[in-house]
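K.L.:
My questions all concern the structure below.
The values are calculated or read from the model by the stated rules, or taken from the named source; none is laboratory data. Small disclaimer: the values here were computed from a predicted structure and weren't measured. In this analysis, Cβ positions are derived from the backbone assuming ideal geometry, glycine residues included, and neighbour counts consider all displayed protein chains. Just so you know, the surface numbers come from the protein's heavy atoms only, side chains and all, with ligands and any DNA or RNA stripped out. Shrake-Rupley method; radii C 1.70, N 1.55, O 1.52, S 1.80 Å.
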Amino acid sequence: MFQIAMIEDEEHTRQEVERLISREFEKLKVQDITTEIYKTAEEFLEVKKHYDVVISDIDLPGKSGIDLGRILKAEQKDICLVFLTSYAEFAVDSYVLEAYQYILKRDMKERLPAVLQKIYQEKQKESQNFLWIGGVTDQRKLYHKDIICIRKVKGQKYVEFVMVNGAYKERLALHQIFEDLKSPAFIFAGRSYIINIDHVDRITTAAIYLEDGIKIHAGAETIQDVKTRIMEYWRNVE
C-alpha cells in the first residue's frame, strides 16, 4: 500500500491535489494508493501514522509546513516531503530541510503528477531490496534501507543486525551476509562490521559514526578504505 498524506487548509487546493493524484495513478493502473487529508499540521501530528509521502502547504494556520517538516525529518529521516506554496521565497527553507520537492501552486498541475510517479517508482524499487533471516518456522524480512549495520557479537558465533527499529541476532557469517546483500550501499568497516553507507552520519580520523548513536573505532587504514568506498558509491548513484 502506497500511503499519501496531504496537509492543506484551502478546500479548492485539496480538491485539485486529490484530482491530480487520482488521475495520475489511474493512468499508471495502480490501485494500492490511499490519500488522507488534514487541514492543519496539528491535526496531522495527532494521528501519529506513517506515510510514504507527505504533501504539505507551507503557509498553514498554527504550525507551518516548515515546522511540520522539521518534526517529521527528526523522526523519519527518509520521509518524502513535498511542499506546496504560492510564495517562491519559501524555497530556501524547504531546501534546508532536504524536502523531496518544492512546488509552486501555479505549477502544481504540471509538476505534482511527475513527482508522485517518481516517488512511487522509487518506493517500489526499495521494497524489492530485502534479506530473509531466521529458520523455516520463524523467518523475518529485513529491508536493506532499514539496516544500519551488521556486526559480529564478540565471543559468540552470532551476528547482530542493527535496524532503525530494533536489533536481531542470527547465526550467520559476515562474509556470507555480505554476498547475500548484493548491494553497493553495504561495505565492510574492518573485520567486524558491515555498514550501510546511507546511515553514516560522519567519519573522523579515529571513528565512524552511524545513526542511532553507533560509534565504530577504527585505524587509519580502515578509515581511509571506508572513505574511498563511500566516495565510489556516491559517484555511481544515479
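K.L.:
By a straight-distance test (C-alpha under 12 Å), which aspartates and glutamates pair with K169 as possible cross-link partners, with residues fewer than eight away in the same chain excluded?
P.N.:
E160
K.L.:
Would you mind getting the accessible area per residue of region 142-183, heavy atoms of the protein chains only, 1.4 Å probe, in Å²? Spell out each step's value before the answer.
P.N.:
Details: 2530 Å² over 42 residues.
Accessible surface, normalised per residue, equals 60 Å².
K.L.:
How big is the charge dipole of the chain about its Cα centre, in debye rounded to the nearest 20, if each Lys and Arg gets +1 on its Cβ and each Asp and Glu gets -1 on its Cβ? Provide the component values of the computation, followed by the final result.
P.N.:
Details: 35 positive and 40 negative charges, 240 e Å.
Dipole about the Cα centre, nearest 20: 1160 debye.
K.L.:
About the Cα centre of region 97-238, what is the dipole size in debye to 20, counting +1 per Lys and Arg Cβ and -1 per Asp and Glu Cβ, all else neutral?
P.N.:
Details: 23 positive and 19 negative charges, 28 e Å.
About 140 debye.
K.L.:
For L104 and W234 in one chain, what is 0.36 nm times their gap in residues minus the Cα-Cα distance, to one decimal in nm? If you can, show how the numbers build up before the last one.
P.N.:
Details: separation 130, 0.36 × 130 = 46.80 nm, distance 2.98 nm.
The L104-W234 span can extend by a further 43.8 nm.
K.L.:
Let me ask you something else. What FRET efficiency would be calculated for the residue pair S183, M1, taking the C-beta separation as r and a Förster radius of 25 Å, to the nearest 0.05?
P.N.:
On the way: r = 24 Å, r/R0 = 0.98.
That gives a FRET efficiency of 0.55.
K.L.:
Shifting gears a bit: Using every alpha carbon pair in region 110-238, what percent of pairs falls into each 10 Å bin from 0 up to the bin containing the largest distance?
P.N.:
Here the calculated profile for region 110-238 is 11, 40, 32, 13, 4, 0.
K.L.:
Give the share of C-alpha pairs in each 5 angstrom bin for region 101-157, from 0 to the last occupied bin, in whole percents, shortest bins first.
P.N.:
Once binned at 5 Å, the Cα pair distances of region 101-157 give 4, 14, 13, 14, 14, 9, 9, 7, 6, 5, 3, 2, 0.
K.L.:
Rounded to whole Å and sorted largest first, what semi-axes of the equivalent ellipsoid does the C-alpha gyration tensor of region 157-228 yield via the square root of 5 times each eigenvalue? All intermediate terms of the calculation are to be shown ahead of the outcome.
P.N.:
Working: eigenvalues 78, 41, 27 Å².
Equivalent ellipsoid of region 157-228: 20, 14, 12 Å, largest first.
K.L.:
Could I ask something else about it? What is the list of residues in region 36-59 whose amide nitrogen lies under 17 Å from a point 7 angstrom out from the Cα of E10, following Cα to Cβ?
P.N.:
Answer for this model: 38-41, 55-59.
K.L.:
Please state the equivalent ellipsoid semi-axes for region 1-70: what are the square roots of 5 times the Cα gyration tensor eigenvalues, largest first, in whole Å?
P.N.:
Working: eigenvalues 98, 39, 15 Å².
Over the Cα atoms of region 1-70, the semi-axes work out to 22, 14, 9 Å.
K.L.:
To make sure I understand the rule: partners must be aspartates and glutamates, Cα under 15 Å from the Cα of K157, and not fewer than 8 residues away in the same chain. Which ones qualify?
P.N.:
Once the sequence-local aspartates and glutamates are set aside, what remains near K157 is E170.
K.L.:
Same structure, new question: Please give the peptides 58-64, 106-112 ranked by average Cβ packing (other Cβ atoms within 10 Å per residue), highest first, as a rough proxy for protection.
P.N.:
Values: 58-64: 16.9, 106-112: 13.7.
Highest mean packing first, the order is 58-64, 106-112.
K.L.:
Relative to the present Cα-Cα distance, how much length would full extension add between T205 and K227 at 0.36 nm per residue of separation?
P.N.:
Details: separation 22, 0.36 × 22 = 7.92 nm, distance 1.06 nm.
This chain segment gains 6.9 nm when fully extended.
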